[in-house]
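Notes follow the structure.
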Amino acid sequence: MKSSFRATVRHNRSIAPGIHELVFEGHEAMSEAHPGQFVHISASDALDPLLRRPMSICSVIEPYDTGDAKTARGCWSVIFRVKGAGTKKMASLQAGADVDVLGPLGSGFVLPQRHEQPLLVGGGLGVAPLVFLAQRLQSLGWRPHVMLGFSTRDEVICVEQFERLGLVTEVTTDDGSWGECGQVVGLLTSWSGSGPVYTCGPLPMMNCVVQWCRQRGLSCQVSLEERMACGVGACLSCVCPIRPSGDKSWIWQRICKEGPVFNGLEVAFDVLCG
C-alpha cells in the first residue's frame, strides 16, 4: 500500500563514479515493500526540481534488536546515477536530512511457486532491485544464482551485497577489467537450471535474456525502467507495449502501475528496441 512519508537519510555515499547509494532510516511504510517495487522521491521541498525521481528499492533491512539504536530502526536504500538537477540534489544530501517519499509503488516480482533455484540476471544499475529480491528469496529458503554485467570495473556495484548473502555471483565486464570479459548474457549458456529467471538492466540485455528463456521454456520476469511524472498511473507518460498471451497485436500498459515488473515473454521488445 502506497504512503506519503518523510524519510531521514542515514548515510549517502558514492559507490562508483557518478553513482550514489542513499540509505534511509527505517519507516513502517517500507515494511510493506515487495521486491521490484519503487519509490518516488522529491529531491527538494522547493518547486525546482518539480518532478519526483522514481527509484527502485535496492534493499529493505527490517528492524531487529541487537541493543543498537540503528538496527532497532532498520533501514532501506536506493541506488542512482547522478544525471540532472534532481539527482545532483539527492547526491548532496547529508545524514539527518529528510525528503518526501511516495511509495512503495508499482507491482513487484512474483516469487517462485516451486522450490527450484531462481536465476537473477542484472546489468548496470539494473542490479539494484535484484539485491532486494535476493534478500527476500534467501529469507524464504531459496538460494538464487546471480549473474551481473557491467561495462568496466569502475561501474561494478552491489557484488558484495550478493556475496554477503552467500550466493554464487558471476560477474562480467565488457573490457575484462573485473570477472569474465564479455557481456553477461554470455554466461547463460552455462546455466542448466529450470527455475524462474528474473532480470533487470539495459533493454537489449533483457531482450536477449527473454529470448533465451523462450527457447528453453523458462519463465522470465523483467523489471523495466522509464522516466515518469506522476508515478501512480494517472498521466500515462511511462507506458510499454505488451502482447498478452502471445497475441500478435500489443497494448500499452503503465510501467508505474501494472509494472515495473512484467512477464518478460509478453513484453514487445521488438517495439521497445526498434
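Since every read-out is calculated from the coordinates, none of them should be taken as a lab result. Owing to the predicted nature of the structure, the values given are computational and were not obtained by experimental measurement.
Taking 0.36 nm per residue of sequence separation and subtracting the Cα-Cα distance, how much length would be gained by fully extending the chain between Ser4 and Ser192, in nm to one decimal?
Details: separation 188, 0.36 × 188 = 67.68 nm, distance 4.36 nm.
Here the segment from Ser4 to Ser192 would lengthen by 63.3 nm.
Quick one: grab the alpha carbon gyration tensor of region 119-161, order the square roots of its eigenvalues as a ≥ b ≥ c, and give me rounded if a/c is under 1.5, else prolate or oblate depending on whether a/b is larger than b/c.
Details: a/c = 2.61, a/b = 2.28, b/c = 1.14.
Because a/c hits 1.5 or more and a/b exceeds b/c, region 119-161 counts as prolate.
Kirkwood-based Rg over Rh for the chain (C-alpha set), two decimals? Let's see the in-between values first.
Numbers: Rg = 18.2 Å, Rh = 19.1 Å.
That ratio is 0.95, to two decimals.
When the helices in the chain are scored as -39500 (n - 2.57) per DSSP H run of 4 or longer and the sum is shared across all residues, what 222 nm value do you end up with, to the nearest 500 deg cm²/dmol?
Values: 6 runs with 48 residues, N = 274.
The per-residue figure over the chain is -4500 deg cm²/dmol.
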